[in-house]
Amino acid sequence: MLENKSSYLDKKVMTMGIVKELTGLSERQVRYYEERKLIFPERTSSGIRKYSFSDIERLMDIAEKIEDGVQTHDIRREFVKREKQVEEAKSKKKMIQGQLNAHFHRNDLSRSNGRLPY
């Protein structure tokens, strides 16, 4: 279920007009954040930018940080650090899950005297 929520939030379906309405930012501000590599919209074959709900949240976060006086390069550095931490956590979770699966599989085999329990 969580994967569906994640894909829903990350699906790039909104145009600039909707982004402006939801965030209160100007088109110029949104494009500037894209130029500064803070936001990464997809583009249609005709060049129209498409944004996701995750992008909207990120834009709101960026705007708040800018308002607080944080420089764009510092924001980008923070985002990169946060993304790296998320990826490391995912890798660790996957490794632990693999170890647990192997452990339980070994226990199942030992209980069945080496025979698969099917």
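The values are calculated or read from the model by the stated rules, or taken from the named source; none is laboratory data. If you're wondering where the values come from, they're calculated on a predicted model, not measured in any experiment. Glycine gets a Cβ as well: all are built from the backbone with ideal geometry, and neighbour counts include every protein chain shown. In case anyone asks, the SASA skips ligands and DNA or RNA and just uses the protein heavy atoms, side chains included. Shrake-Rupley method; radii C 1.70, N 1.55, O 1.52, S 1.80 Å.
Averaged per residue, segment 1-62 has 68 square angstrom of accessible surface, using a 1.4 angstrom probe with ligands and nucleic acids left out. When the residues Met60, Met14, Met95 are ordered by accessible surface, computed with a 1.4 Å probe over the protein chains alone, the sequence from largest down reads Met95, Met60, Met14. By accessible area, using a 1.4 Å probe on protein heavy atoms only, segment 1-88 has 50% of its surface on carbon and sulfur. Size of segment 26-65 from its Cα atoms: along the principal axes, largest to smallest, the extents are 32, 19, 17 Å.
Residues whose amide H falls under 5 Å from that of Glu42, counting only those 5 or more places apart or on a different chain, are Lys50, with hydrogens built in the peptide plane. As a length-normalised measure over Cα pairs under 8 Å and 6 or more apart, the relative contact order of segment 1-109 settles at 25 percent. With a cut-off of 17 Å on the backbone N, the residues of segment 4-40 near the modelled label site 7 Å out from Ser46 along Cα-Cβ are 13-18. Dipole size of segment 56-104 about its Cα centre, with +1 on Lys/Arg Cβ and -1 on Asp/Glu Cβ: approximately 440 debye, rounded to the nearest 20.
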